[in-house]
Amino acid sequence: MPQTSEDQMNLAAGILGLLFPGAGHLYLGQRRRGVLACIGVLGLFLGGLLIGGIDVVDRKEDKWWFLGQALVGPLTFAVDYYHQNHLKAYPLDPAEVANGRVRADRLAQLPRRSLMPGEKRAVGKVEIVAPSRESDAQGRSSARFSAGQTVRIAYAVPAGAGEGPPNTKSIGRMNELGMLSVTIAGMLNFIIFLDALFPAVLPGRGTSPGGGGRP
């Protein structure tokens, strides 16, 4: 591959840099920079999760923070998917789920949330029924579920002795510091992405993949 000039984009390196921190620089043959970039971004990302817990990545409740966190790449979306689908639950009445039928508008009005102390997560199979005429007229029917579906949903139930939620939501400064750390990781990765997309060729350093140039 020909060497890249300072004013020329390297699209492949940019795309790889978005997919995983530091991958763009590894593609360019800049191994040391790629490894350091990976350590820096993932260190901030994982540090934020350790400080504030997994709920610091939440596209539903903290969508503005999530915009910056998403710049880390697919890893952020994977963490958010696990958080939304395996840790949160609908705040439904357990008797409502035991009945086996839940209105579509109820799932829209009561979105999934983190569990509180004294609650645990249960999963049940229910049939989604049409919303009431009044709710449907107000546009409250759920876009995720439609009438006639039979689905498994997670819902909150009282926890017994020795039981509790799958994760505890952090509060106060710990939550803020965790979100800030993950968001800074995203900002840092955006800079690293631009550096890989527009690689500066310095004297004596090549940019071809596996390139043999100095890092």
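The values are calculated or read from the model by the stated rules, or taken from the named source; none is laboratory data. All values derive from a computational prediction rather than experimental measurement. Virtual Cβ from ideal backbone geometry, glycine too; neighbours counted across all protein chains shown.
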Filtering the range 157-188 down to residues that are surrounded by 17 or more Cβ atoms within 10 Å (Cβ to Cβ) and under 14 Å from PHE45 (Cα atoms) yields ASN175, GLY178, MET179, LEU180, SER181, VAL182, THR183, ILE184, ALA185, GLY186, LEU188
Quick one: how many residues across the range 47-69 are in contact with a Phe, Trp or Tyr (Cβ under 9 Å, 6 or more places away or on another chain) and over 11 Å from VAL79 (Cβ atoms)? 2
Let me spell it out: the conditions are (1) in a helix (DSSP H, G or I); (2) modelled with pLDDT of 95 or more, and ARG106 meets all of them except one. Which number is the exception? (2)
All-but-one check, SER135 against (1) more than 18 Å from ARG103 (Cα to Cα); (2) assigned to a helix (DSSP H, G or I); (3) at pLDDT below 85; (4) not β-branched (Val, Ile, Thr), failing number (1)
Failed item, numbered, when ARG152 is tested on (1) at pLDDT below 70; (2) within 15 Å of LEU92 (Cα to Cα); (3) not acidic (Asp, Glu): (1)
Just give me the residues in the range 71-83 being of a type in the set (A, V, I, L, M, F, W, C) and crowded, with 19+ Cβ neighbours inside 10 Å, in sequence order. LEU71, VAL72, LEU75, VAL79
What are the residue pairs meeting all of these: first residue in the range 161-173, first residue over 20 Å from TYR82 (Cα atoms), second residue surrounded by 11 or more Cβ atoms within 10 Å (Cβ to Cβ), Cβ atoms under 6 Å, and 6 or more apart or on different chains? GLU163/LYS120
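Each row is one residue, and each column tells you yes or no for (1) among the charged types (D, E, K, R); (2) closer than 30 Å to LYS120 by Cβ; (3) over 10 Å from the mean Cα position of the chain (by Cα); (4) surrounded by fewer than 21 Cβ atoms within 10 Å (Cβ to Cβ).
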residue: MET9; (1), (2), (3), (4): no, no, yes, yes
residue: GLY17; (1), (2), (3), (4): no, no, yes, no
residue: ASN85; (1), (2), (3), (4): no, yes, yes, yes
residue: LYS88; (1), (2), (3), (4): yes, yes, yes, no
Breaking point among (1) surrounded by 18 or more Cβ atoms within 10 Å (Cβ to Cβ); (2) farther than 21 Å from PRO199 by Cβ, for LYS63: (1)
Is one or more of the residues making up the range 37-53 touching a His at 6+ places or on another chain (Cβ under 7 Å) and at pLDDT 95 or above? yes
Looking at the range 165-180, is at least one residue closer than 30 Å to PRO94 by Cα and in contact with a Lys or Arg (Cβ under 7 Å, 6 or more places away or on another chain)? yes
